[in-house]
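The block underneath contains the structure these notes are about, expressed in structure tokens.
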Amino acid sequence: MKFEKTKLLGVYIVHFEPKKDKRGYFVRTFCQQEFANAGIAFHVVQINRSLTKRQGAIRGMHFQRQPHQEDKLVQCIKGAMYDVALDVRTNSKTFGQWIGIQLTSDNNTALFIPQGYAHGFQVIESDTEAEYFMSQYYSPQHATGVRCTDPFFQITWPLPIQFSSAKDQEWPLVEINQKA
């Protein structure tokens, strides 16, 4: 595995290194020791998978509040998606900044997103599956998010938004969050 730093502190693009032969390939998609060697303390307690059927659909932008903040490693196991990490730490120099990368089932790449960042993605191909390695258990009472269309963040999605959940559309705008 190779860990590529991004402009956002603690967010890494993780490049897998498949071993290929006549049979196909073998690739390690998670190794706690390799993360530790890269200076990343990441302990997986839960693995989730999602299927998003409609091209242009968005899941996100999600995160969990203290004390259940979570680190996550996100990869695409079928199809293609545009994956986004957004800094929601109000005391951070990069608050409100985001990065986005394309993850596909073929590009052997994942995005590591530490706590303090919201996460979401847009499906580029119909029937896309994503897998998430999580450092915390899901806690509904600590789950929150920001709108993927919030003008404060100006996230540029590659496709017109075709669908997002009612819950994701109802997150308050950041100005409302900051006044509360």
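The numbers here are math on the coordinates, done by the rules we state, and not lab data. Please read these numbers as outputs of a predicted model, since none were measured by experiment. Glycine also receives a Cβ, built like all others from the backbone with ideal geometry; neighbour counts cover every protein chain displayed.
Tabulated data
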quantity: Qualifying aspartates and glutamates (Cα of each under 20 Å from Cα of Lys2; at least 8 residues distant if same chain); calculated: Glu17, Glu34, Asp71, Asp83, Asp106, Glu131
quantity: Sorted by Cβ density within 10 Å, fewest first, the residues Asp21, Asp150, Asp127; calculated: Asp21, Asp127, Asp150
quantity: Intensity falloff of the stretch 71-180 expressed as log10 I(q)/I(0), Debye formula with alpha-carbon point scatterers, at q = 0.20, 0.21 Å⁻¹; calculated: -1.23, -1.34
quantity: Packing rank of 69-75, 59-65, where each peptide gets the mean count of other beta carbons within 10 Å, highest leading; calculated: 69-75, 59-65
quantity: The chain, relative contact order in percent, only Cα pairs under 8 angstrom and at least six apart counted; calculated: 29
quantity: Reachable lysines from Lys167, criterion Cα separation under 30 angstrom, eight or more residues apart if same chain; calculated: Lys7, Lys53, Lys72, Lys78, Lys93, Lys179
quantity: Sites Ser165 and Arg49, calculated FRET efficiency, Cβ-Cβ separation with R0 22 Å, nearest 0.05; calculated: 0.80
quantity: Cα-Cα separations in the stretch 2-166 greater than 23 Å, expressed as whole percent; calculated: 37
